[in-house]
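Q: Let me begin by handing over the structure; questions about it come next.
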2 protein chains.
Amino acid sequence: MARHVNTAKTADPVSGPVSGPVSNPVAGPVSEAAGLSSGAIRKRIRIGAHDAPTAGLAAGKLQCNLAILPEVYALDFLRFCQRNPKPCPVVGVSDTGDPMLPTLGEDIDVRSDVARYRVFRDGQLTAEVTDISDLWNDQMVTIALGCSFTFETALVRAGIPVRHIETGGNVPMYRTSLDLEPAGDFAGQMVVSMRPIPEHQLDEAIAISAKFPQAHGAPIAYGDPAQIGITDLQRPDYGDPVDIQPGEIPVFWACGVTPQNVLQAARPPICITHAPGYMLITDVAEDAETSIYKKQTNKE
Amino acid sequence: MARHVNTAKTADPVSGPVSGPVSNPVAGPVSEAAGLSSGAIRKRIRIGAHDAPTAGLAAGKLQCNLAILPEVYALDFLRFCQRNPKPCPVVGVSDTGDPMLPTLGEDIDVRSDVARYRVFRDGQLTAEVTDISDLWNDQMVTIALGCSFTFETALVRAGIPVRHIETGGNVPMYRTSLDLEPAGDFAGQMVVSMRPIPEHQLDEAIAISAKFPQAHGAPIAYGDPAQIGITDLQRPDYGDPVDIQPGEIPVFWACGVTPQNVLQAARPPICITHAPGYMLITDVAEDAETSIYKKQTNKE
């Protein structure tokens, strides 16, 4: 089932050397999956019947960034995430060697239930595939991290414009000068995403996103990009530039590309992530107090 | 510096066989430490000049439950905490073998900066001591967990009565029938604390505590205690019973005794916790968005 792509250079985690439909992770066709439940979409993905980005699918359900790595790295990576909760909000951790993620939903098999994966060996992107069953082994640990889709949905619902959604592009992302708290081999600088927000809606945008600590929470900064080491907003390191209109302020949120960069830099012998935009769709409500899925027969 | 106490039986984590001043963890004398900064109190504790519970000290700073255990258990214990975030909100994790906790404050040495510790061997309480330098080794990992002091302060500030604070007792706590999500050797049922809340302030109490996911968050349940397996509110498993007055509803929050029970049941060869009421005082503001301490020169 694995489909391999060109693999020559170190990958940019979002808009890197992988060509073709992968390079536009957000604007892709939502396809016939729109309107399906989270479980139904995962079933389609599992059998190879859905190969498109997941933005806008399974409305109201938490979607996740994924990091799959050998157990020997898992404790340090979890420490890293705990110390950097804004870019790395952990929402699920598998047992070692167990491909299932019962705390995130019903019958989630992480080997097959994500539409596209990226495989890194010694920090180099070596393949992009649609199934990782042949790569899974009894030392693998899956760590799922919250993503910005959650607060973007909430912003749009509150009538706050989100430019890159309006334009159908990918959110612009930037490397910053903000040092991360290191743990073991994991260290580096934070990557942020930027959304221009009308000045009169800034406080509301901050308050809304702060309600979602498992999806990067409140912004890291707003206003002058130089304060966090960004030199040119029109030249994002990943994603597509967007216009900042009169009366709008650039607002910077911690970004899930951060842990991907940090993982690559640590150069574990193998590490697997989702492909950008092709997120794991869970059964957890994105406004739930915790990311722990409870069957309907069980109450919390 | 270590002071040993009677150690015969399996310890009740809060009101167990340890005799003397330890048995009343909340109502103890605040002493001359009131008004000191978090760092100043830790310095007094470090030199043995403060031997009292920490409730009410270092107003506005996050206080923590502690679990110190061998690295071989740390990954599973962190998984357990991630899967049970309401009773086990992780706010800090040390490097393996490093007694310092830089993400929680300045110069925090976990071997000496907590006033009292409990030492468990194979799940049995074997000692209560004021310093663990002689027990520390290069395999130890410290995990700090949020505690209910944080939301209690917020409730009192909002004019919501907290009965056990009014009466000077320890909060009543109960074993429940709520199964925890297991991880490795860690499993069991949730322990909850109970506070009677006037019915007209129930919604506000829920909303206020929900703002503190790192301090147990919103209640687990309210009303009929039988729904969570509690048979008699006047016979708490730990702590002191409180009156429920006309117009008040018993409200149940996930409790930090949960991980202590689970740790004991897993019977690691050694495990060290704080003594109940003798918490780690951090430099992190208890209303901060994350529990990660930043020096004043660094902004997030």
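Q: How long is region A:30-145 along each principal axis, judged by its Cα atoms, biggest number first, in Å?
A: 40, 30, 24
Q: If you check each cysteine of the protein assembly as shown for another cysteine whose beta-carbon is under 4.7 Å away, which ones come up empty?
A: A:C64, A:C147, A:C255, A:C271, B:C64, B:C147, B:C255, B:C271
Q: Alpha carbons only, please: Rg and Dmax for the protein assembly as shown, in angstrom.
A: Using the Cα atoms of the protein assembly as shown, the pair Rg, Dmax is 24.2, 73 Å.
Q: Multiply the residue separation of A:K211 and A:D185 by 0.36 nm, subtract the distance between their alpha-carbon atoms, and state the gained length in nm to one decimal. Please report the intermediate quantities before stating the final value.
A: Details: separation 26, 0.36 × 26 = 9.36 nm, distance 3.10 nm.
Length gained between A:K211 and A:D185: 6.3 nm.
Q: Starting from 0.36 nm per residue, how many nanometres of slack lie between A:S37 and A:T231 once their C-alpha separation is accounted for?
A: The A:S37-A:T231 span can extend by a further 65.6 nm.
Q: Moving on to the next point. Place the label 7 angstrom along Cα→C-beta at B:A226 and in each other copy, then list the distances from the first to the rest in nm, shortest first.
A: Nearest to farthest, the other copies are at 7.0 nm.
Q: Continuing with the same structure: Rounded to the nearest 20 debye, what is the charge dipole size of region B:184-286 about its Cα centre when +1 sits on each Lys and Arg Cβ and -1 on each Asp and Glu Cβ?
A: It works out to roughly 360 debye.
Q: Also, quick follow-up: Between B:D98 and B:A288, what FRET efficiency comes out of the Förster formula 1/(1 + (r/R0)^6) with R0 = 22 Å and r the beta carbon distance, rounded to 0.05? Intermediate results must be reported in sequence, preceding the final value.
A: Details: r = 23 Å, r/R0 = 1.04.
Once rounded, the FRET efficiency stands at 0.45.
Q: Okay, next question. Can you classify region A:204-300 as rounded, prolate or oblate using the Cα gyration tensor, where a ≥ b ≥ c are the square roots of its eigenvalues, rounded means a/c under 1.5, and otherwise it's prolate if a/b beats b/c and oblate if not? Write out the running numbers ahead of the final one.
A: Details: a/c = 2.49, a/b = 1.34, b/c = 1.86.
Judged from the Cα gyration tensor, region A:204-300 comes out oblate (a/c at least 1.5, b/c at or above a/b).
Q: Using a 10 Å cut-off on Cβ to Cβ distances, tally the other chain neighbours for every residue of B:283-291 and report the average as a whole number.
A: Numbers: counts 0, 0, 0, 0, 0, 0, 6, 9, 3.
Partner-chain Cβ atoms within 10 Å, mean over residues of B:283-291: 2.
Q: On average, how many beta carbons from a partner chain sit within 10 Å of the beta carbon of a residue in B:97-106?
A: Mean partner shielding for this stretch: 1.
Q: Compute the Cα gyration tensor for chain B, then decide on rounded, prolate or oblate, letting a ≥ b ≥ c be the square roots of its eigenvalues: rounded whenever a/c is under 1.5, prolate when a/b is larger than b/c in the other cases, and oblate in all that remain. Numbers along the way, then the final one.
A: Working: a/c = 1.42, a/b = 1.24, b/c = 1.14.
Taking the square roots of the gyration eigenvalues as a ≥ b ≥ c, chain B is rounded.
Q: Further question: Mean Kyte-Doolittle hydropathy of 0.0 or higher plus an axial Cα length of 15 Å or more: which whole DSSP H helices in chain B meet both?
A: B:71-83
Q: Defining the label point at 7 Å along Cα→Cβ, can you sort the distances from B:P161 to the same site in each other copy, shortest first, in nm?
A: 5.3
Q: Would you mind working out the magnitude of the charge dipole of chain A relative to its Cα centre, with +1 at each Lys and Arg C-beta and -1 at each Asp and Glu C-beta, to the nearest 20 Debye?
A: 340 debye
Q: Taking A:A59 in one copy and the same position in all the others, each labelled 7 Å out along Cα→Cβ, what are the pairwise distances from the first, in nm, shortest first?
A: So the distances to the same position in the other copies read 4.8 nm.
Q: If you project the alpha carbons of region B:150-258 onto their three principal axes, what span does each projection cover, largest first, in Å?
A: So the extents along the principal axes, rounded to whole Å, are 42, 29, 24.
Q: Quick one: net charge of B:N137's neighbours, Cβ under 13 Å, K/R +1, D/E -1?
A: Numbers: positive: B:R111; negative: B:E71, B:D98, B:D134, B:D138.
The answer is -3.
Q: Let me ask something else. Rounded, prolate or oblate: which fits region A:105-211 when a ≥ b ≥ c are the square roots of the eigenvalues of the alpha-carbon gyration tensor, with rounded for a/c under 1.5 and prolate only if a/b beats b/c?
A: prolate
Computed from the coordinates by the stated procedures, all read-outs in this text should not be read as laboratory data. Not measured: the values here are computed from a predicted model. In this analysis, Cβ positions are derived from the backbone assuming ideal geometry, glycine residues included, and neighbour counts consider all displayed protein chains.
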